[in-house]
Every structure is written in structure tokens, then in C-alpha cells.
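K.L.:
What follows is a single structure, and I will ask about it in a moment.
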Amino acid sequence: MRRIGARKRLLVCASILAGVLVVGLAQATVPNNITQAFITGGNSTVGVTSDLTHVYWANNGDGTIGRANIDGTNVNQAFITGASGPITVAVDANFIYWVNQNNGTIGRAGINGTGGGSYRVRNDRRPRIPRPSATCERPHQC
């Protein structure tokens, strides 16, 4: 299991096992007090994160971002649709962000799942590695 967030007295952990999202909740002040919720139905589920009220994950196989209440209820496997091979998810107070593996962009939508878009952040070409030449006066610029 991997710890994905700690909020006040709540510790949130997650693990991806054969398409099953396992979310563990525990009060940090009470040892061995763990309640697990199993969220099923994902499609190549990866990239789990959380905020105070929800757990979010990327369904790489069908290009969606899923969301459920922090206790594992109200599961919505297609909370956000139209992603292109999402592989990781991040959340702040206003937005949900994800990486689109298939087209090299970062997606963003409002915390309520609306107003999404994708933003290119890099050139898909490999960086050019300078090759020094015996005839070049400035090999670092060749």
C-alpha cells in the first residue's frame, strides 16, 4: 500500500490490484484502526490521489477519471471523460489535474468535474544532444 495523503487525523492509503482500487482509512491517533473500502469497475486503474472528501483515480484503459467519497461510497468511474491515456492524478482546492500519456498533455477540470481542457507542456521530439566537431569552434553549440 502507498500513502496518498494525510489530512488532519485521517490517513489515506491506496493500492491498485488487478483493476481493484483499495482505499484504506485510519485515524492517525488510533493504531490499527483501519477501515478498507474496495472500489471495483476500473479499467487499468492507476494514479490515485485524494482530498478531504473524495478519492480520485485515472482509468487508463478507457480515458476517464474516477471519483468516490473518501469512505468508498458514490463511486463514479467516469467522473471526467475524454482523457487520453491518463496515468496520474493530482487535486487542489479548485481543480483536478491528470497526465495524458497518449498525447503528452496535462488535463485539467474543475473540482466538480466540469470545464475541462488539455494543455501541451512539452515538445514530443527527443532533445537534441550537442555533438562536438573537430571543425567547430564552439562545440557546445553544434
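The values are calculated or read from the model by the stated rules, or taken from the named source; none is laboratory data. None of the values given here were measured: they were computed from a predicted structure. FYI the Cβ positions are ideal-geometry reconstructions off the backbone, even for glycines, and counts take in every protein chain you see.
K.L.:
Please find, among T35, T29, the residue that is surrounded by fewer than 12 Cβ atoms within 10 Å (Cβ to Cβ), in contact with a Lys or Arg (Cβ under 7 Å, 6 or more places away or on another chain), modelled with pLDDT under 90 and polar (S, T, N, Q).
P.N.:
From the options T35, T29, the qualifying one is T29.
K.L.:
Still on this structure: Scan segment 77-90 and give yes if some residue there is touching a strand residue (DSSP E or B) at 6+ places or on another chain (Cβ under 6 Å), of a type in the set (S, T, N, Q), under 17 Å from I39 (Cβ atoms) and modelled with pLDDT of 65 or more, otherwise no.
P.N.:
Yes, segment 77-90 contains at least one residue that is touching a strand residue (DSSP E or B) at 6+ places or on another chain (Cβ under 6 Å), of a type in the set (S, T, N, Q), under 17 Å from I39 (Cβ atoms) and modelled with pLDDT of 65 or more.
K.L.:
Among the residues of segment 55-73, write down those that are of a type in the set (S, T, N, Q) and in a strand (DSSP E or B).
P.N.:
Selection gives N59, T64, N69.
K.L.:
Among the residues of segment 112-128, is there at least one that is farther than 12 Å from I65 by Cβ and modelled with pLDDT of 90 or more?
P.N.:
Yes, segment 112-128 contains at least one residue that is farther than 12 Å from I65 by Cβ and modelled with pLDDT of 90 or more.
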